[in-house]
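Questions regarding the structure given below will be posed in turn.
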Amino acid sequence: MGSTTTLTAEDGHEFAAYEAAADGPVKGCIVVVQEAFGLNGHIRDVCDRLAGEGYSAVAPALYDREARGIELGYSEEEVQAARAVMTRVPWDTAMLDVQAAYGLLAQKGSVGITGFCWGGSVTWLAACRLNFACAVSYYGGRIIDFVAEKPSCPTMCHFGELDPTIPISDVNEIITHHSSVTVHVYPDAGHGFHCDQRTHHHEESARLAWTRTMAFFERHLPE
């Protein structure tokens with residue numbers, strides 16, 4: 001459904017992005033931020049699903065500053081490789097690349113953002129530092145490091161109660177600091193529960209989170 005395009009960040013860095021055009025009338029536009037595994041099939045599928053819901057979606061390849069074309073799966077070996085790359089990507093340059101994706105979509109309408117895993121944390125920072133209309137973060141484990149920063153747009157967060165990488169105490173601290181942020185915790189879900197390519201995929205939680213996400217975008221992304 002989608003295609004690859006090239007974006008240019010404010011500092012001149014050129015990088016790839018996956019773009020999926022909305023089916024029918026455009027409800028709004030959404031930047032999709034990758035997991036730790038690069039711009040892989042799962043993230044492209046999220047963009048395609050959003051396009052099917054009526055949203056124009058763009059997923060920037062945030063690892064292109066390190067090495068172009070990184071696309072990993074979910075084996076233990078690939079998990080270790082993903083973590084190694086992820087730790088080398090500065091938050092500030094991730095914001096530059098997300099902002100470039102925002103700039104592409106802003107020509108078409110109001111822009112929201114969503115992201116998963118590492119991208120869930122990037123989404124939180126983008127909600128705090130950039131000019132998005134709304135934001136939906138899925139299991140952003142590093143949000144706690146930036147809990148003092150306040151989103152400047154309506155924000156929703158999804159967490160799995162069984163996630164071994166995000167203690168429920170972290171989730172509760174986010175709730176305590178940010179009463180205006182909508183936080184959903186899924187009692188039967190672990191990390192990566194949205195992704196049907198991962199062993200911890202939990203279909204019921206993923207379906208409910210997606211329904212809530214779509215309703216949130218419907219509410220906060222005016223046509």
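The values are calculated or read from the model by the stated rules, or taken from the named source; none is laboratory data. Because the structure is predicted, anything quoted here is derived from the model rather than measured. As a convention, Cβ positions derive from the backbone with ideal geometry for all residues, glycine included, and neighbour counts pool all protein chains shown.
Here are 112, 140: which of them is closer than 17 Å to residue 102 by Cα, touching a Gly at 6+ places or on another chain (Cβ under 9 Å) and buried (at least 16 other Cβ atoms within 10 Å of the Cβ)?
Within the list 112, 140, the selection yields 112.
To continue, here is another question. Of the conditions (1) more than 15 Å from residue 113 (Cβ to Cβ); (2) in contact with a helix residue (DSSP H, G or I) (Cβ under 9 Å, 6 or more places away or on another chain); (3) modelled with pLDDT of 95 or more, residue 45 satisfies every one except a single condition; which number is it?
(2)
Just the residues that are outside any loop (DSSP other than H, G, I, E, B), more than 15 Å from the chain's Cα centre (by Cα) and in contact (Cβ under 8 Å) with a residue 60 or more places away in the chain, please, taken from the stretch 28-54. Spell out the reasoning first.
Step one: of the stretch 28-54, the residues outside any loop (DSSP other than H, G, I, E, B) are 28-33, 38, 41-52.
Add one more test, that the residue is more than 15 Å from the chain's Cα centre (by Cα), and what stays is 28, 51-52.
Once the filter is applied, which keeps residues that are outside any loop (DSSP other than H, G, I, E, B), more than 15 Å from the chain's Cα centre (by Cα) and in contact (Cβ under 8 Å) with a residue 60 or more places away in the chain, the stretch 28-54 yields only 28.
Another one. I'm trying to understand the selection: among the residues of the stretch 208-223, which are buried (at least 19 other Cβ atoms within 10 Å of the Cβ), under 16 Å from residue 115 (Cα atoms) and among the hydrophobic types (A, V, I, L, M, F, W, C)?
209, 216, 217
Let's see how each residue does on (1) free of Cβ contacts under 8 Å to residues at least 24 places away in the same chain; (2) over 17 Å from residue 216 (Cα atoms); (3) part of a loop (DSSP other than H, G, I, E, B); (4) touching a strand residue (DSSP E or B) at 6+ places or on another chain (Cβ under 9 Å):
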site	(1), (2), (3), (4)
151	no, no, yes, yes
158	no, no, no, yes
162	no, yes, yes, yes
166	no, yes, yes, yes
173	no, yes, no, no
194	no, no, yes, yes
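Related question: For the stretch 79-87, check the following and say yes or no: at least one residue is under 14 Å from the mean Cα position of the chain (by Cα), closer than 20 Å to residue 15 by Cα and in contact (Cβ under 8 Å) with a residue 40 or more places away in the chain. Spell out how you get there, then give the answer.
Applying the first criterion (under 14 Å from the mean Cα position of the chain (by Cα)) to the stretch 79-87 yields none.
Scanning the stretch 79-87 turns up no residue that is under 14 Å from the mean Cα position of the chain (by Cα), closer than 20 Å to residue 15 by Cα and in contact (Cβ under 8 Å) with a residue 40 or more places away in the chain.
Still on this structure: Take the stretch 96-128 and flag every residue that is touching a residue at least 40 places away in the same chain (Cβ under 8 Å), assigned to a helix (DSSP H, G or I) and closer than 21 Å to residue 211 by Cα.
Of everything in the stretch 96-128, those that are touching a residue at least 40 places away in the same chain (Cβ under 8 Å), assigned to a helix (DSSP H, G or I) and closer than 21 Å to residue 211 by Cα turn out to be 119, 120, 123.
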